[in-house]
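**Student:** One structure, as structure tokens, below. Some questions next.
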Amino acid sequence: MSDQNFLTLENLTLAYGDTVAVKDLNLTIGKGELVAFLGPSGCGKTTTMRAIAGLLSPASGHVKLDGVDITRVSANKRNVGLMFQSYALFPHLSVYENVAFGLRLKKTPAAELDKRVRAGITSVGLTDYADRKPAELSGGQQQRVALARSMVMEPKVLLLDEPLSNLDARLRLDMRSELQRVQKETGVTMIFVTHDQGEALSLADRIVVMKRGAIEQIGSPEDIYNRPTSAFVADFVGFENIFELSDGRLKTPKGLVEISGPVPIAAGLAWRPRMVTLGSGPFQGAVRGASFAGNSREYLLDTPLGPIKAEVDAALPSHELGAELAFDLPVAAAAQLRKFG
Amino acid sequence: MMARNLFIPITLGLVIAFLIGPFLIIVAASFSAGETLAFPPQGFSLRWIAKVFTVESFRDSFFMSLFLAIGGTLAALILGIPASYALSRYKLPGAETIRTIVSAPIIVPGIIVGLSLLRYIVVPFQVGITLALFLAHTALILPYAVRVVSASLGNLRSDIEEAAVLLGSSRLGAFFRVVLPNIRGGIMSAFILGFVTSFNQVPVSLFLSGPGVRTLPVDMIAYMEIVFDPSVAALSALLAFMSIGIVFIAERFLGFSRYV
């Protein structure tokens with residue numbers, strides 16, 4: 001075992017009854033990594049996380065942590081922390097007792113327990129709230145209690161279920177930096193599940209995009225954002241003009257269309273609205289919709305290629321509805337998709 | 001316009017009169033100095049209230065009722081808490097059927113419950129009177145226990161159990177450490193509701209009572225058939241105050257009405 005394969009999932013298949021949620025999944029996560037499982041609901045990201053935690057036992061395959069096969073180790077003996085989306089604090093216990101819960105079960109000596117619990121509460125900035133009940137705290141504070149409660153156990157892996165989705169914009173920034181701080185200070189391996197690409201891009205070292213129970217793409221936030229390798233990922237991260245390639249030509253609703261420039265060997269090409277050149281180029285389109293978005297203007301064009309979305313600087317002169325515009329889809333800028341559909 | 005303004009207060013007054021009236025009449029009658037149960041009471045005395053405590057069968061049947069109410073409720077809770085937990089946490093096949101069967105004793109008239117227990121359980125299996133009463137009361141309280149405890153479990157998130165497990169607790173330990181403490185109020189409410197239901201139960205007990213073993217309400221009916229003095233009114237008043245007292249304490253300390 002090296003630090004590179006601290007946590008490995010091997011041929012993991014997960015099912016609820018007869019419904020297969022995750023199929024033959026393989027993944028290796030390094031020690032201290034901050035990984036995001038990204039995907040729409042039903043893609044298997046939460047299921048995979050629950051299997052790592054031990055709350056769901058796999059139909060087949062293995063989970064290995066720190067060199068040990070923990071597939072059959074029960075959830076209460078794995079030392080894997082999980083911060084629930086709803087926080088799952090114990091309503092009848094104070095903040096202090098919530099944080100102390102796990103240490104008490106481990107029969108930690110009183111003095112050490114008190115020291116660690118207080119340090120945990122202080123580290124999330126809730127020193128003055130130790131005696132409060134969860135119901136007396138705001139959502140953001142409750143979440144920090146949940147974080148302290150998991151971290152005080154010094155877990156090998158900390159799993160986070162949609163850690164930012166219940167928070168408003170300001171708290172979201174706080175929590176994001178809080179999680180980054182915890183990760184930096186403790187070096188804990190973190191995996192978080194999210195359906196929000198912004199969350200994944202801003203927080204993770206590495207993103208695992210999932211679709212229908214399988215991994216679609218793994219890469220750095222830059223890779224995922226700039227170089228999606230499948231139509232699904234491209235669509236998910238905002239490439240709105242996506243075409244399948246056939247013999248070096250674009251497949252459109254109205255047949256194959258030639259495109260200028262050296263066309264790469266790929267299953268498809270994708271362009272963000274911002275990558276579309278408007279005002280010049282070999283194609284023609286009529287403005288069907290226009291919207292102003294502060295810094296930019298977005299146009300929806302009716303074209304022989306089908307609908308095309310383009311985004312241009314708002315400082316440029318605007319176009320009327322119905323106006324005929326020339327545009328180009330520059331091949332050099334396009335994301336090259338290896339997988340289509 | 002006038003008639004309309006009076007309609008609501010008059011209706012309200014009648015409803016209150018019908019609900020509270022009999023109780024006031026009973027309380028007044030129990031302070032009567034006369035020899036027979038009558039209203040308005042003749043004079044004022046505490047002799048009938050004092051007499052209640054001297055009638056031996058009242059004392060015996062009171063303790064029988066107390067035993068059935070406490071024992072039956074505890075038994076119903078011991079069966080009902082795990083049942084509620086299973087019904088609310090797991091997708092059991094036939095969960096709705098189980099729920100219906102469990103609530104049947106509320107829906108089926110007491111006389112039928114009493115008669116069927118007598119005809120098909122007590123007589124063929126030679127079940128003792130006390131045991132028969134105990135079983136019947138447990139069955140009668142069970143629906144209340146399941147309903148109130150389920151409501152309380154429904155308000156509790158199930159992921160706190162998973163959180164406890166991930167912090168090192170076993171599944172069973174999680175139930176005792178984080179589920180039970182959070183449904184304590186519901187359990188206490190179920191206990192009180194069960195206690196009062198059992199204590200006031202007549203039809204089923206009527207069928208199952210036998211020589212020397214009676215519940216208090218059954219004993220009161222038997223007493224009235226022979227003696228028509230105000231002591232029954234005095235006893236009713238005392239029991240009513242006991243129930244009110246219990247419910248008041250429950251509401252005060254547990255927020256009883258949240259669960260019922």
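**Student:** With a 1.4 Å probe and every protein chain kept in, tell me what percent of the accessible surface of chain A is carbon plus sulfur.
**Tutor:** 49
**Student:** Let me ask another. At 1.306 mPa s and 10 °C, plugging the Kirkwood radius over alpha-carbon pairs of the range B:40-109 into Stokes-Einstein gives what diffusion coefficient in µm²/s?
**Tutor:** 98
**Student:** I would also like to ask the following. Along the Cα→Cβ direction, 7 angstrom out, place labels at B:I244 and A:A111. What is the inter-label distance in nm?
**Tutor:** Between B:I244 and A:A111, the label points sit 6.0 nm apart.
**Student:** When the Debye formula is applied to the Cα atoms of the range A:119-236, each taken as the same point scatterer, what base-10 log of I(q)/I(0) results at q = 0.15, 0.19, 0.21 Å⁻¹?
**Tutor:** -0.73, -1.04, -1.20
**Student:** Greater than 26 Å separation of Cα atoms is the criterion. Which listed pairs, A:K115/A:K184; A:K23/A:K309; A:K254/A:K339; A:K77/A:K107, meet it?
**Tutor:** The answer is A:K23/A:K309.
**Student:** Run the reach check for A:K106 against aspartates and glutamates, Cα to Cα strictly under 16 Å, same-chain hits fewer than 8 apart removed. What comes back?
**Tutor:** Straight-line reach from A:K106, under 16 Å: A:E97, A:D114, A:E154.
**Student:** State the dimensionless ratio Rg/Rh of the range B:55-258 (Rg: radius of gyration of Cα atoms; Rh: Kirkwood radius).
**Tutor:** Taking Rg over the Kirkwood Rh, I get 1.04.
**Student:** Report Rg(Cα)/(2.2 N^0.38 Å) for the range A:90-137, keeping two decimals.
**Tutor:** 1.08
**Student:** Under 10 Å, Cα contacts only: if you run a Gaussian network model on chain B, which one of B:F241, B:F18, B:F134 comes out with the highest mean-square fluctuation?
**Tutor:** B:F18
**Student:** For chain A, set up a GNM with springs between Cα atoms under 10 Å and report which of A:L25, A:L56, A:L105 has the largest fluctuation.
**Tutor:** A:L105
**Student:** Accessible area per residue of the range B:55-258 at 1.4 Å probe, in Å²?
**Tutor:** It amounts to 49 Å² per residue over the range B:55-258.
**Student:** Over the heavy atoms of A:F243, what accessible area does a 1.4 Å probe trace out, to the nearest 10 Å²?
**Tutor:** 10
**Student:** Looking at the calculated P(r) for the range B:53-93, what percent of the C-alpha pair distances fall above 11 Å?
**Tutor:** For the range B:53-93, the fraction of Cα-Cα distances above 11 Å is 70 percent.
**Student:** Quick one: compute the contact order of the range A:202-341, relative version, from alpha carbon pairs under 8 angstrom and 6+ residues apart, as a percent.
**Tutor:** The normalised contact order for the range A:202-341 reaches 26 percent.
**Student:** May I ask you to give the average projected area over all directions of the convex hull of the Cα atoms of the range B:158-250, in nm² rounded to one decimal?
**Tutor:** 9.0
**Student:** For peptide A:85-95, how many partner chain Cβ atoms fall within 10 Å of a residue's Cβ, on average?
**Tutor:** Whole-number average of other-chain Cβ neighbours for A:85-95 is 5.
**Student:** Determine, at each q value in 0.19, 0.25, 0.26, 0.33 (inverse angstroms), the log₁₀ of I(q)/I(0) that the Debye formula gives when each Cα of the range B:90-132 is one equal point scatterer.
**Tutor:** Scattering profile of the range B:90-132, log10 relative to I(0): -0.70, -0.85, -0.87, -1.04.
**Student:** Turning to a different aspect of this structure: Determine the total buried accessible area between chain A and chain B, counting protein heavy atoms only with a 1.4 Å probe; round to the nearest 100 Å².
**Tutor:** Buried area between the two chains comes out at roughly 1600 Å².
**Student:** Write down the Kirkwood hydrodynamic radius of the range B:1-131, to one decimal in angstroms, obtained as one divided by the mean of 1/r over all alpha carbon pairs.
**Tutor:** 20.4
**Student:** Kindly give the semi-axes, whole Å and largest first, of the ellipsoid equivalent to the range A:3-231, taking each as the square root of 5 times a Cα gyration tensor eigenvalue.
**Tutor:** Each semi-axis is the square root of five times an eigenvalue, giving 29, 21, 16 Å.
**Student:** When N is the residue count of the range A:65-180, what does its C-alpha Rg come to as a fraction of 2.2 N^0.38 Å?
**Tutor:** After normalising by residue count via 2.2 N^0.38 Å, the value is 1.07.
**Student:** State the antiparallel share, in %, of DSSP beta bridges confined to the range A:110-254, rounding to the nearest 5.
**Tutor:** Expressed as a percentage, antiparallel bridges in the range A:110-254 total about 60.
**Student:** So what is the 222 nm mean residue ellipticity for chain B from helices alone, if each DSSP H run of at least 4 adds -39500 (n - 2.57) and you divide by all residues, rounding to the nearest 500 deg cm²/dmol?
**Tutor:** About -23500 deg cm²/dmol.
**Student:** For the range A:203-341, what number results from the quotient of the Cα radius of gyration and 2.2 N^0.38 Å?
**Tutor:** Normalised Cα radius of gyration, the range A:203-341: 1.09.
**Student:** If I take every Cα pair under 8 Å that is 6 or more residues apart in the range A:101-212, average their sequence separation and divide by the length, what percent do I get for the relative contact order?
**Tutor:** Result for the range A:101-212 is 23 percent.
**Student:** May I pose another question? Can you pull the semi-axes for the protein assembly as shown, root of five times each eigenvalue of the Cα gyration tensor, sorted largest first, whole Å?
**Tutor:** Three semi-axes, in Å: 69, 31, 24.
**Student:** Here's another thing I want to ask about it. With springs only between Cα atoms under 10 Å, which of B:A163, B:A95, B:A50 fluctuates most in a Gaussian network model of chain B?
**Tutor:** Largest GNM mean-square fluctuation: B:A163.
**Student:** Keeping all protein chains in place, calculate the accessible area per residue for the range A:220-341 (probe 1.4 angstrom), answer in Å².
**Tutor:** 51
**Student:** On to the next question. Using a simple spin-label model with points 7 Å from Cα along the Cα→Cβ vector, what separation in nm is obtained for A:T13 and B:L14?
**Tutor:** With each label point 7 Å from Cα toward Cβ, the separation is 7.2 nm.
**Student:** Helix B:95-107 against the longest principal axis of chain B: what's the angle in degrees, Cα atoms only, rounded to the nearest 10?
**Tutor:** So the helix axis and the longest Cα principal axis differ by about 10 degrees.
**Student:** Can I ask one more? Of all beta bridges DSSP finds with both residues in the protein assembly as shown, what is the antiparallel percent, to the nearest 5?
**Tutor:** Given both bridge residues lie in the protein assembly as shown, the antiparallel proportion sits at roughly 75 percent.
**Student:** Quick one: compute the contact order of chain A, relative version, from alpha carbon pairs under 8 angstrom and 6+ residues apart, as a percent.
**Tutor:** 16
The values are calculated or read from the model by the stated rules, or taken from the named source; none is laboratory data. The structure displayed is predicted, hence computed values, not measured ones. All Cβ positions, glycine included, derive from the backbone under ideal geometry; neighbour counts span all protein chains shown. Ligands, DNA and RNA are stripped out before the accessible areas are found, and what is left, the full protein with its side chains, is counted by its heavy atoms. Shrake-Rupley method; radii C 1.70, N 1.55, O 1.52, S 1.80 Å.
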